[in-house]
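Visitor: The structure under discussion is supplied below as structure tokens; questions concerning it will follow.
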Amino acid sequence: MGPVVTAGRVMTPAPITLVEHVKKSGRPDADDLAVLLTQIAVAGKIIARELARAALVGQLGTTGETNVQGETVKKLDVWANAVVVRAMEETGLVTTVVSEEMDAPLRLTKTGARGRYVVCFDPVDGSSNLDVNGIVGTIFSIRHGSDAEQPGTAQVAAGYIMYGPSTLMVLTTGDGVDGFTLGPTIGEFVRSHHRIRIPARGRIYSVNEGNFSKWEPGVQRYVEYLRGMDRATGRPYTARYVGSLVADLHRTLLEGGIYLYPADAGKSDGKLRLQYEAAPMGFIAEQAGGSASTGRERIMTIEPATPHQRVPLVIGSSEDVALAEDFIAGRRR
Ligand code: P6P
């Protein structure tokens, strides 16, 4: 919608806020989703503010503990987890939360019988970037009911908040993907990216090449193919790896290409968690016209065996993911 001219004055169209966007979705649960996403947005604003001042208030560094994932816990991991849990309690709609930072699913007793949703989240994805002022994000995944182990196809909404030069929420409620930038002067998430579509093919690949020697041969051959010189197929691809899934996925979503976290000799199921990393990002990718698989099977249909189940992840432009799967299956050499 272009500028509107009224009485000789150019009126820029009123911005669409996150709540207006959700309420216009026409979904039967739109009012519930508006409440849930408003509280996720509140948590995002609080986390964004703390990230900006963390170095000044002693919030960087580790707690000295190790989480259920076997990873060193950052102070901001624990703090942000509490912020999101409290935000979910405030909705009065959430029965259970599953978090990277909590050993087991947490039943929210305050909600009681009114609860209708399960929310899985990674409060600070990419926290290894925190102490070096790198980009991190919050990933969230919303399902109906109280069962903490539902497949990605059960998601009613999913997305991420990216804490970068701007604070940006990318969201799907099952009807495409939209981006909402936090307006610094108004404190609202305002739609800035409408109906994001991922290019069918890109020219950027994103993977931790330090693990090359540990990958299975098909993955090694695929990455060597991307490094090859062939103008007709736009190779070599450019390599980009931030070490934060939110940042690497967001670039892939807007510019096309592929992100991979394959299984390797030390991580037989890969590193990323299905419930609050692969499945929400898979929902986003598919809703934007892309693909998400383990390299062998679609992420969205995997039935979780445990809340913290890990899966290999190959995600991005549909043609790039399909080619990676061909190499992994041995259909391409
Ligand atoms: P590595 C962050 O810990 C994370 O879960 C993702 O955000 C990121 O893409 C990946 O792990 C980075 O892992 O082993 O390359 O440092």
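Each reported figure results from applying straightforward, stated rules to the coordinates on display, with no laboratory input. Just so it is clear, the structure is predicted and the values come from calculations on it, not from any experiment. Please note: Cβ atoms are built from the backbone with ideal geometry, for glycine as well, and neighbour counts cover all protein chains shown.
Visitor: From the residues in the range 97-128 that are of a type in the set (Val, Ile, Thr) and within 13 Å of residue 308 (Cα to Cα), which one is nearest to the ligand (Cβ to nearest atom)?
Guide: Here the answer is 98.
Visitor: Consider the range 214-224. How many of its residues are of a type outside the set (Phe, Trp, Tyr), closer than 17 Å to residue 241 by Cβ and in contact (Cβ under 8 Å) with a residue 40 or more places away in the chain?
Guide: Matching residues across the range 214-224 total 2.
Visitor: Residue by residue through the range 98-145, note down the ones that are surrounded by fewer than 17 Cβ atoms within 10 Å (Cβ to Cβ) and hydroxyl-bearing (Ser, Thr, Tyr).
Guide: Within the range 98-145, 109, 128 qualify.
Visitor: Among the polar types (S, T, N, Q) and over 26 Å from residue 143 (Cα atoms), is that true of residue 268?
Guide: In short, yes.
Visitor: Among the residues of the range 169-207 satisfying the criterion of being of a type in the set (Gly, Ala, Ser) and surrounded by fewer than 17 Cβ atoms within 10 Å (Cβ to Cβ), which is nearest to residue 154 (Cα to Cα)?
Guide: Result: 174.
Visitor: Starting from residues that are over 20 Å from residue 308 (Cβ atoms) and touching a helix residue (DSSP H, G or I) at 6+ places or on another chain (Cβ under 6 Å), keep the ones in the range 258-287 and report whichever is nearest to the ligand (Cβ to nearest atom).
Guide: 259
Visitor: Sticking with this one: Residues being among the aromatic types (Phe, Trp, Tyr) and away from the ligand (no atom under 16 Å from the Cβ): count how many of those fall in the range 181-239.
Guide: Selection size over the range 181-239: 4.
Visitor: Write out, first by first residue and then by second, each pair whose Cβ atoms fall under 7 Å of each other, whose residues are 6+ apart or on separate chains, and whose first residue, in the range 187-204, is without any contact (Cβ under 8 Å) to a residue 24 or more places away in the chain while the second is surrounded by fewer than 16 Cβ atoms within 10 Å (Cβ to Cβ).
Guide: Once the first residue is without any contact (Cβ under 8 Å) to a residue 24 or more places away in the chain and sits in the range 187-204, its partners that are surrounded by fewer than 16 Cβ atoms within 10 Å (Cβ to Cβ) give 195/176.
Visitor: Hey, among 115, 187, which residue is of a type in the set (Gly, Ala, Ser) and on the phi > 0 side of the Ramachandran plot?
Guide: Within the list 115, 187, the selection yields 187.
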